[in-house]
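Below is one structure, written out as structure tokens, with a few remarks after it.
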Amino acid sequence: MNYRSPKITVDGILIQDEKILLIERKNSPFQHYWALPGGFVEYGETTEEAVVREFFEETCVQTQIQRLFGVFSEPTRDPRGHTISVVYILKYKSGEVCGGDDAAAAAFFPLNDLPKLAFDHDVIVKNFKEDKSCFAQNVKR
């Protein structure tokens, strides 16, 4: 029997000086919209490995995981099909911000003045800002 299953993706939240690092999507869907850096988990890869890899590929920034933020699984969140995103809060290690891989650009934006975001990333950022424990801990860095 063949079962349909959702695909697993990861997204990373990196905050510096009350700004969040976003990428401009180079490809469809949501081409030219801004998004949290992330992507699909490859077969044989953990979500932890995937978020560090995807974040680097799209932003040129090396990170380490600070903590798991949440799992977002609304079946309609991605027009390509049912995806589940595991979202991590990341800590900067090294690198200069640049758009790479699937990103046309990468830039920091003030948390209170964001461009239109792709997928459900506005919900993810809203939840992050409302989570007083992680917001206060990460904004001051």
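The values are calculated or read from the model by the stated rules, or taken from the named source; none is laboratory data. Since we're looking at a predicted model, the values are computed, not measured. Note that each Cβ is placed from the backbone with ideal geometry, even for glycine, and that neighbours are counted across all protein chains shown.
Screening Thr59 with (1) farther than 20 Å from Ile84 by Cα; (2) surrounded by fewer than 22 Cβ atoms within 10 Å (Cβ to Cβ); (3) under 13 Å from the mean Cα position of the chain (by Cα) gives one miss only, at (2). When Glu45 is tested against (1) part of a strand (DSSP E or B); (2) within 19 Å of Arg67 (Cα to Cα); (3) of a type outside the set (Ser, Thr, Tyr), just one condition goes unmet, and that condition is (1).
Consider Glu96 carefully, then state whether it is of a type outside the set (Phe, Trp, Tyr), in contact (Cβ under 8 Å) with a residue 24 or more places away in the chain and out of contact with any Gly (no Cβ under 8 Å at 6 or more places or on another chain). Here the answer is yes, as Glu96 does meet what is asked. Of all residues in region 1-50, those being of a type in the set (Gly, Ala, Ser) and under 16 Å from Ser73 (Cα atoms) number 4. Just so you know, in region 30-42 the residues that are in a loop (DSSP other than H, G, I, E, B) and touching a residue at least 24 places away in the same chain (Cβ under 8 Å) include one that is nearest to Lys7 (Cα to Cα), and it is Val41. In region 76-85, the count of residues that are of a type in the set (Val, Ile, Thr), surrounded by fewer than 14 Cβ atoms within 10 Å (Cβ to Cβ), at pLDDT 95 or above and under 19 Å from Pro29 (Cα atoms) is one or more.
If the condition is being in contact with a strand residue (DSSP E or B) (Cβ under 8 Å, 6 or more places away or on another chain) and either part of a strand (DSSP E or B) or exposed (fewer than 15 other Cβ atoms within 10 Å of the Cβ) (or both), then region 89-100 contributes Ile89, Leu90, Lys91, Tyr92, Lys93, Ser94, Gly95, Cys98.
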